[in-house]
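The values are calculated or read from the model by the stated rules, or taken from the named source; none is laboratory data. All of these numbers come straight from a predicted model, not from anything done at the bench. FYI the Cβ positions are ideal-geometry reconstructions off the backbone, even for glycines, and counts take in every protein chain you see. Accessible surface areas use protein heavy atoms only, side chains included; no ligands, DNA or RNA. Shrake-Rupley method; radii C 1.70, N 1.55, O 1.52, S 1.80 Å.
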Amino acid sequence: MPILVFGLSHHSASVATRERFAFVEGRISDALKVLRDSGTAEEAVILSTCNRVEIYAATELEPHRAFTALQEFLLAHHETRELSRDEIYTLQEPQSVHHLFRVAGGLDSMVLGETEVLGQLKRAYDLALQGGHTGARLNKVFQRAFNVAKHIRTRTNIQRGSVSIGSVAVELAERIFTKLTERDVMVIGAGDTGEKTARALLSRGARSILVSNRSYEKAVALAAELGGRAVDFANWAGEFARVDIIVSSTAAPHYVLDRAKLEPLMKLRRNRPLLLIDIAVPRDIEPEVNLMSDVYLYNIDDLQAIADQSLLQRKAEIARCEEIIREKAAALLGHGDRGHRRTSAEPAFGHE
């Protein structure tokens, strides 16, 4: 029984479209029952994340008919008729199996090589399995996908290095302090990138978070989200002695921190190492502070350069990963790689 994929992702659809067609997790099992009861699929799994909505279906229907039915199911479930053919993709075997393996291995992700999607895929499969919506065909291919993801992770360097600003900041912090469990972080400003960087540091064990912003209300709101404490913007320097890492992302037109202001503050710290992460444009921190002892300053260009280098290293591994996927898919399907290979953005209702 062939396996088909019908979906939309960050490759093909805007975030607004992805939001409109996202499935609430608590309703997925019922949706799968509706799909199977309609006769469209004998077995099915629905993967719904912020970056993709995909239906994996084992069906006896002729592919074009199945894809039409899958689209009707998606539109009916979300009570809309608004879906462009350019926003969706359809895949038949062996490309459908290749695609599943690429998703599991992080090769189809917005952040190349990331592992979060593997956990999401396992959760989606488990929901379908527990609801009795999978059978021998999908059980086998999904178990193989998880095995392929492990193989890619252990046999290649696709996950090597940090490729986001937040993860680079964590990498730098761990180089300087080794462990973050006894380190305190201050976020100056309440921008999105600053928040993500703070969350990344917290996820690796940072002890506490202080948030300071010109709008005290925004500081209080972000501090509450991060489980930290808000500090009045006029008094943030008073907290300086206990802070080890500062993430600055204000919209100030001038330096928030310069060498003249930092030198007396460093004496209060007894020259403990200080990591300054300046992700503001224009910059918040005067470059000259990097000349001071025990001060480590990185601006947004520094962080992006590190991330770009890591991304290049990851891209160099893609060919090895694709070869693993082709071999594993051919072994599963019992034949060589038929036809041409496509990316996930296969035109709707295309034939392989």
(message) Would you confirm, using the coordinates I've provided, whether VAL170 is closer than 23 Å to PHE240 by Cβ, open to solvent by less than 50 Å² (accessible area, probe 1.4 Å), within 23 Å of the chain's Cα centre (by Cα) and not charged (D, E, K, R)?
(response) yes
(message) Please count how many residues of the stretch 136-167 are β-branched (Val, Ile, Thr), farther than 20 Å from GLU317 by Cα and surrounded by fewer than 17 Cβ atoms within 10 Å (Cβ to Cβ).
(response) 0
(message) Looking only at the stretch 87-98, filter to residues that are open to solvent by less than 20 Å² (accessible area, probe 1.4 Å) and in a loop (DSSP other than H, G, I, E, B); which one of those is farthest from LEU4 (Cα to Cα)?
(response) ILE88
(message) With the condition being free of Cβ contacts under 8 Å to residues at least 40 places away in the same chain, I'd like the strands (runs of 3 or more DSSP E) fully within the stretch 218-321 carrying at least 1 qualifying residues.
(response) 229-232, 274-278, 295-299
(message) Just to be sure I understand, how many residues within the stretch 40-92 are over 26 Å from the mean Cα position of the chain (by Cα), acidic (Asp, Glu) and at pLDDT below 95?
(response) 2
(message) Looking for something open to solvent by less than 10 Å² (accessible area, probe 1.4 Å), part of a strand (DSSP E or B), at pLDDT 95 or above and not aromatic (Phe, Trp, Tyr) - is there at least one such residue anywhere in the stretch 99-120?
(response) no
(request) Working only within the stretch 244-264, note down all residues that are in contact with a strand residue (DSSP E or B) (Cβ under 7 Å, 6 or more places away or on another chain) and either basic (Lys, Arg) or open to solvent by 70 Å² or more (accessible area, probe 1.4 Å) (or both). (result) TYR255
(message) Among the listed residues LEU127, LEU201, identify the single one that is in a helix (DSSP H, G or I), under 23 Å from GLY106 (Cβ atoms) and under 18 Å from the mean Cα position of the chain (by Cα).
(response) LEU201
(message) Pairs please, first residue from the stretch 101-112 and over 14 Å from SER12 (Cβ atoms), second anywhere and assigned to a loop (DSSP other than H, G, I, E, B), Cβ atoms under 6 Å, 6+ apart in sequence or on different chains.
(response) ARG102/ASP108; GLY106/GLY113; GLY106/GLU114; VAL111/VAL163
(request) Would you point out the residue of the stretch 194-225, among those that are touching a Lys or Arg at 6+ places or on another chain (Cβ under 8 Å) and closer than 18 Å to THR250 by Cα, that is surrounded by the most Cβ atoms within 10 Å (Cβ to Cβ)? (result) VAL211
(message) Take the residues in the stretch 159-197 that are touching a strand residue (DSSP E or B) at 6+ places or on another chain (Cβ under 7 Å), at pLDDT 90 or above and not in a helix (DSSP H, G or I); name whichever of them is farthest from LYS218 (Cα to Cα).
(response) ARG183
(message) As an exercise: evaluate ASP184 against (1) open to solvent by 30 Å² or more (accessible area, probe 1.4 Å); (2) charged (D, E, K, R); (3) touching a residue at least 12 places away in the same chain (Cβ under 8 Å) and give the number of the one condition it does not meet.
(response) (1)
